[in-house]
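K.L.:
One structure, pasted below without further comment.
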Amino acid sequence: MLRFIAGRLAVLIPTFIGVTLIAFLLIRLVPGDPIELLVGERGIDPERHAMLMEQFGYDRPLVIQYLSFLGQLLQGDLGRSIVTRRPVLEEFMNLFPATVELSLFALFLATVIGLPAGILAGVNRGSTFDHTLMGISLTGYSMPIFWWALLLIILFSGVLQWTPVSGRIDVLYFFPAVTGFMLIDSLLSGQDGAFTSAVRHLILPAIVLGTIPLAVIARQTRSAMLEVLNEDYVRTARAKGLPPSRVIGLHALRNALIPVITVIGLQVGLLFSGAILTETIFSWPGIGKWLIDSIARRDYPSVQGGVILIATMVMIVNLLVDVMYGLINPRIRKA
Amino acid sequence: MARAELRADAVTLEAKAPPGPLAEFWAYFSENRGAVGGLVVICIIVLASILADVIAPHAPFAQYRDHLLQPPFWQAGGTLEFPLGTDAVGRDIFSRIIHGSRFSLIIGLIVVTLSLSIGVGLGLVAGFFRGWTETMIMRLMDVILAMPSLLLAIVIVAILGPGLENAMIAVAIVYLPHYTRLTRGSVINERSKDYVVASRVAGAGTLRLMFATILPNCMAPLIVQATLGFSNAILDAAALGFLGLGAQPPTPEWGTMLADAREFVLRAWWVVTFPGLAILITVLAFNLMGDGLRDALDPKMKRS
Amino acid sequence: MALLEIRDLTVAFPTLHGMFKAVDGVSLDVDQGEIVAIVGESGSGKSVSMLGVMGLLPWTARVTAERMTFAGKDLRNLSRTERRTIRGKDMAMIFQEPTTSLNPCFTVGFQITEAIRVHEGIGAREARRRAVELLDKVGIPAPEQRLKAFPHQMSGGMNQRVMIAIAISCNPRLLIADEPTTALDVTIQAQILDLLLELQRERGMALILITHDMGVVAETAERVVVQYAGQQAEMQDVRGLFDDPMHPYTEALLAALPERATERRLPTIKGVVPGAGDRPPGCLFHPRCRNATDHCVKVEPPFDRGPRGLVRCHYPLTDGVPADHPRTQESAA
């Protein structure tokens, strides 16, 4: 088991280096003078330019630059945003909870609906339910997520007026951010209607973001069930005369869940991509929107820092998923 | 013991010759109504894109100032002249959608061709030469995979500058690892098999081994992946278009059309609905066909 | 009345070419305490017929029989719940691949006690005690520790013993063993077979042993059924089968045994077992039979009384000579 984890970690490190390398090269590859890009000004006079070059270390050899960049990174210094002049890390941490809240809720919805649906479809292969679910799931991941968001906005915000179009909570509520999670903070604040408002703001973006994970989870659960139901040990369980609820619910499911849990965990990476689009459409103040805005504003230090942080986060989650897989699969746990 | 005359009439039954591979493939594939439906829709889209100039009632860039934000023909205020309505600058949506099909198909084609050829090439090299080469290539693929796909595409476009060509390159790069991993896995699997060893013993050189011997046996999963990659490419390029990083207005690319439409989402639902519907139908068709291909080509699923 | 009575059992599956009869008109009576071996090549339908009796076939299978009773109960008309009470309790089955037949996620102890608890409703502690007893009975050393082991931590032979333990845990009256030793080393094979025989003797179980290995048949069975392409070819007591087979297929099978080789080249049976698309008319074996006549091509032989048992042949053999055969009649003439 430990060897398993060590192996995964060993791969993680070069990958991380690779990501930092890409981020490091980002500013230097974008057309234009890097100093101008870093500082956000145009037409800097040569004297100031030379001073800035020295300040940012651009006069040193590339390798040294990279190494010092890496060094700063590992100390938590990701540079400063051109626009807000605040450290990138700080900006990121401020906006991170919003994205996490949205993603977790979306994943929760996707799992709570997708998992049982997939199990039922796998057990009742070929039934109407099975075909319908597969059809819905196929449509789900064939849709452009931003279009789906707009459609739902038309329906729920426009026609039905049930949900608002943007933001995390109605403007009239204001309370200190304790956890950064609006659902929790609104409850803690004790203000009347704050929680409901938070939920109403969260639900539509979460549905949109969770649609593709739902489709994937349902599909994968179904195929995992189908595969497992064909295995010898399921036949043995039946041969023992066990009731079908036990054969499926215990013997089959336990084995089917192993790959499925990995799939659920891996959705996190997908969620980030989806979050970028969802946050943009719903003006949800998270990292996705921040990243898009930063690119539009040419705030390259933010883009650079954001890319590294997001990628690192995804890598860590994937590592945790791998570890969890090793724990729940007895063949690896007790190798 | 005289065996003599008796078994002259030994009717050794001619077993019915099993169907050839193409016929067998079609038998499985055609059973899947969804897959066949997908194929039909794709053919329609291809036809539409080829005949766009003929079929579309208006030019995609023509602006009709008197018909801004006109609803589709079945709603009050709509006419058959602009069957699906017009957008904010008076362009016919129906014509733009038809012309947009060209872009979507080209996007899919170019992205898949690029990432397939480079990805498979890298995979072959990695699987064949092992050692350092393999490690370098696979680590590079890991880096690409470590980043959320849209994020990486956005970063690449940020470097190269917005535009349809750069969007296609970005998406192609993002998909590389899928093909590389698939190919490398297959190569490693097949390498140790007897037919490859036999080829090598017979004197086949590396290139020949790679392309003529091993690659044909890895084709099935690659074909499926490519078909699904087609649909993903359309989705991702549309996403980039929507973010303003892909095809630039006034190009009638479906994603870009949605970007323009965003402000009017509550006022003019048709500007939003139809381009997205076009994307959905196209992607759905490719996914259905890809699923059908996968089922038809998967030996485990073959029935007696 | 026999413990298990099967008359004209047919199992058909839908395929691209239409319905395929994997089992065609099989009839068998097994008495309490008897040992019957069912022998045949892959594709002879020997496993499928027994899976059909147990009720373990996939839903796509169509199972029909004129008669299928176990201990007097008509298996065809039982509800699913009733069928389940018999299965695993009075009628048990073990399979070919022991390690994959056990659930990799649960301990061996859990999988044994599960069957006991579901069928007999006893408590966890008592079930555990019984499990240890059973593991000891099937010859697993240090049974207490083994309860906590996972299947992948044990060898194939041990896992097969566990499977046997599970099968006999509720004292079944009939045990069906489907190629129990095929996947195991030769040295372990003998041990497992001995174990099965010992258990059979002690508990008075009926044992149906499915195998393709004539050697196994010789060592274990009292009565033998030879199956070919889904049909029964011959049924005789074991001695008689080996000394004087009635069906040409059996004769050919025995001739192919290395122990019986007289020349350097082992005799083979030319041709292949018919599959779904190429069922011959008349007798299924006629394309490969050295004694086949026009009659064999036109008329399907029934499974009937032969000289020393039941046989499906127009000209059953005695001492290698086909009865009432045109050739023998000619040479006599």
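K.L.:
Long-range amide H contacts for C:Ile35: which residues qualify at under 5 Å (H placed 1.01 Å from N, peptide plane, sequence gap of 5 or more or a different chain)?
P.N.:
Here C:Leu207, C:Glu222, C:Arg223 satisfy the definition.
K.L.:
Under DSSP H, which helices of chain B have Cα atoms covering 27 Å or more of the helix axis and a Kyte-Doolittle average no less than -1.0?
P.N.:
B:93-129, B:164-191, B:215-242, B:269-297
K.L.:
Sorted by packing (mean other beta-carbon atoms within 10 Å per residue), highest first, where do B:127-140, A:146-159 land? Could you put the intermediate results ahead of the total?
P.N.:
Working: B:127-140: 15.3, A:146-159: 20.4.
In decreasing order of mean packing, B:127-140, A:146-159 become A:146-159, B:127-140.
K.L.:
Other chains' Cβ within 10 Å of C:13-22 residues: what's the mean? Don't skip to the end; give the middle numbers.
P.N.:
Values: counts 2, 2, 2, 8, 3, 0, 0, 1, 0, 1.
Partner Cβ neighbours, averaged per residue: 2.
K.L.:
Choose one of B:Pro83, B:Ile93, B:Ile42: the residue whose Cα lies farthest towards the positive end of the charge dipole of region B:33-109 (beta-carbon charges +1 Lys, Arg; -1 Asp, Glu; about the Cα centre).
P.N.:
B:Ile42
K.L.:
Something else now. Can you sort A:Arg219, C:Arg125, B:Arg191 from fewest to most other Cβ atoms within 10 Å of each residue's own Cβ?
P.N.:
Ascending number of Cβ neighbours within 10 Å: C:Arg125, B:Arg191, A:Arg219.
K.L.:
Follow-up. Picking from C:Gly306, C:Val272, A:Ile261, whose Cα lies most toward the positive end of the charge dipole for the protein assembly as shown (charges on Cβ: Lys, Arg +1; Asp, Glu -1)?
P.N.:
Looking along the dipole axis, the top candidate is C:Gly306.
K.L.:
Using 0.36 nm per residue, how much length does the chain from B:Thr133 to B:Asn189 gain when fully extended, once their Cα-Cα distance is taken away?
P.N.:
Net length gain for the segment: 18.4 nm.
K.L.:
Could you calculate the contour length gain from A:Trp162 to A:Gln72, that is, 0.36 nm times the residue separation minus the distance between their Cα atoms, to one decimal place in nm?
P.N.:
Taking 0.36 nm per residue and subtracting the Cα distance, the gain is 27.7 nm.
K.L.:
Still on this structure: Given H placed 1.01 Å from N in the peptide plane, which residues other than close sequence neighbours of C:Ile176 have an amide H under 5 Å from its amide H?
P.N.:
Answer set, sorted by chain and number: C:Ala92, C:Met93, C:Ile94, C:Ile208.
K.L.:
Right, next: Where both residues lie in chain C, what percent of DSSP beta bridges are antiparallel, nearest 5? Don't jump to the answer; show the numbers that get you there.
P.N.:
Values: 30 of 49 bridges.
Of those bridges, close to 60 percent are antiparallel.
K.L.:
Another question, then. Once you keep just the Cα pairs under 8 angstrom separated by 6 or more residues, what percentage relative contact order results for chain C? Mind dumping the intermediate values first?
P.N.:
Values: 606 pairs, mean separation 62.7, N = 333.
Relative contact order here is 19 percent.
K.L.:
Using only the Cα atoms of chain A, build the gyration tensor, take square roots of its eigenvalues as a ≥ b ≥ c, and label the shape rounded, prolate or oblate: rounded if a/c is under 1.5, else prolate if a/b is larger than b/c, else oblate.
P.N.:
Since a/c reaches 1.5 but b/c is at least a/b, the shape of chain A is classed as oblate.
K.L.:
Would you mind telling me the antiparallel percentage of the DSSP bridges in the protein assembly as shown, rounded to 5?
P.N.:
Here the share of antiparallel DSSP bridges comes out near 65 percent.
K.L.:
Taking neighbour Cβ counts within 10 Å as the exposure measure, how do B:Leu84, A:Leu25 sort from fewest upward?
P.N.:
By the 10 Å Cβ count, ascending: A:Leu25, B:Leu84.
K.L.:
Rounded to the nearest 0.05, what FRET efficiency do C:Lys73 and C:Glu120 give with R0 = 22 Å and r taken as the Cβ-Cβ distance? Could you check?
P.N.:
Using R0 = 22 Å, I get an efficiency of 0.70.
K.L.:
To the nearest 0.05, how large is the calculated FRET efficiency for B:Arg267 and A:Thr179 if R₀ is 30 Å and r is the Cβ-Cβ distance?
P.N.:
0.20
K.L.:
While we're here: Binning at 5 Å from 0, report for region C:1-119 what percent of all alpha-carbon pair distances ends up in each bin.
P.N.:
Histogram of Cα-Cα distances, whole percents per bin: 2, 9, 17, 21, 20, 15, 11, 4, 1, 0.
K.L.:
List the residues whose amide H sits under 5 Å from the amide H of C:Ala233, counting only those 5 or more places along or on another chain, with H placed 1.01 Å from N in the peptide plane.
P.N.:
Result for C:Ala233 returns C:Val226, C:Gln227, C:Tyr228.
K.L.:
May I ask what percent, to the nearest 5, of DSSP beta bridges between residues of region C:108-245 are antiparallel?
P.N.:
The antiparallel fraction comes to roughly 55 percent.
K.L.:
By how many degrees, between 0 and 90 and to the nearest 10, does the Cα long axis of helix A:300-328 differ from the longest principal axis of chain A?
P.N.:
30 degrees
K.L.:
Ok, one more. If one takes the longest principal axis of the Cα atoms in chain C, at what angle in degrees, from 0 to 90 and to the nearest 10, does the Cα axis of helix C:186-203 lie?
P.N.:
Roughly 80 degrees between the two axes.
K.L.:
Which shape class, rounded, prolate or oblate, goes with region C:279-329 when its Cα gyration tensor gives a ≥ b ≥ c as root eigenvalues, a/c under 1.5 marks rounded, and past that a/b bigger than b/c marks prolate?
P.N.:
Since a/c reaches 1.5 but b/c is at least a/b, the shape of region C:279-329 is classed as oblate.
K.L.:
Taking a ≥ b ≥ c as the square roots of the Cα gyration tensor eigenvalues, with a/c under 1.5 meaning rounded and otherwise prolate when a/b beats b/c, else oblate, which class fits chain B?
P.N.:
Details: a/c = 3.66, a/b = 1.63, b/c = 2.24.
Cα axes put chain B in the oblate bin.
K.L.:
In whole angstrom, how far apart do the alpha carbon centroids of region B:141-179 and region C:202-261 sit?
P.N.:
66 Å
K.L.:
Starting from the Cα of C:Lys137, draw a straight line to each of the aspartates and glutamates and keep only those under 16 Å, dropping any in the same chain fewer than 8 residues away.
P.N.:
C:Asp194, C:Glu198, C:Glu202
K.L.:
Using a 7 Å offset from the Cα along the Cα-to-Cβ direction at both C:Thr81 and A:Phe56, what is the distance between the two label points in nm, to one decimal?
P.N.:
Result for the modelled spin labels: 7.8 nm.
K.L.:
For chain A, what is the relative contact order in percent, using Cα pairs closer than 8 Å and at least 6 residues apart in sequence?
P.N.:
In percent, rounded to a whole number, it is 28.
K.L.:
Can I ask one more? How many angstrom lie between the Cα centre of region C:283-317 and the Cα centre of region C:87-128?
P.N.:
Value for the Cα centre distance between the two parts: 44 Å.
K.L.:
How many partner chain Cβ atoms sit within 10 Å of a residue's Cβ in peptide A:223-233, on average, as a whole number? Before the final figure, lay out each step's value.
P.N.:
Details: counts 0, 0, 0, 0, 1, 1, 1, 2, 4, 9, 12.
Counting Cβ atoms of other protein chains within 10 Å of each residue's Cβ and averaging gives 3.
K.L.:
Taking Cα atoms, how many degrees apart are the long axis of helix C:124-137 and the longest axis of chain C, rounded to 10 and kept between 0 and 90?
P.N.:
The angle comes out at about 50 degrees.
K.L.:
How well do other chains shield peptide B:155-161, expressed as the mean number of their Cβ atoms within 10 Å of each residue Cβ?
P.N.:
6
K.L.:
Using +1 on the beta carbon of Lys and Arg, -1 on that of Asp and Glu, and nothing else charged, what's the dipole of region B:222-304 about the Cα centre, debye to 20? Intermediate results must be reported in sequence, preceding the final value.
P.N.:
Details: 6 positive and 7 negative charges, 65 e Å.
That gives region B:222-304 a dipole magnitude of about 320 debye.
K.L.:
To the nearest 0.05, how large is the calculated FRET efficiency for B:Thr113 and A:Thr132 if R₀ is 22 Å and r is the Cβ-Cβ distance?
P.N.:
Here the calculated transfer efficiency is 0.05.
K.L.:
In the structure shown, do any of A:Lys240/C:Lys270; C:Lys21/C:Lys73; C:Lys73/C:Lys270 have a Cα-Cα gap over 32 Å, and if so which?
P.N.:
Going by Cα-Cα distance, A:Lys240/C:Lys270; C:Lys73/C:Lys270 fall outside the 32 Å limit.
K.L.:
A further question follows. Once you put a point 7 Å from the Cα of A:Arg254 and another 7 Å from the Cα of B:Phe73, both along the Cβ direction, what distance in nm separates them?
P.N.:
My value for the distance between the label points is 6.3 nm.
Bear in mind these aren't lab numbers, they're just calculated from the coordinates by the rules spelled out. Quick caveat: nothing in here was measured; it's all calculated off a predicted structure. Every residue, glycine as well, gets a Cβ built from its backbone with ideal geometry; the counts of neighbours run over all protein chains shown.
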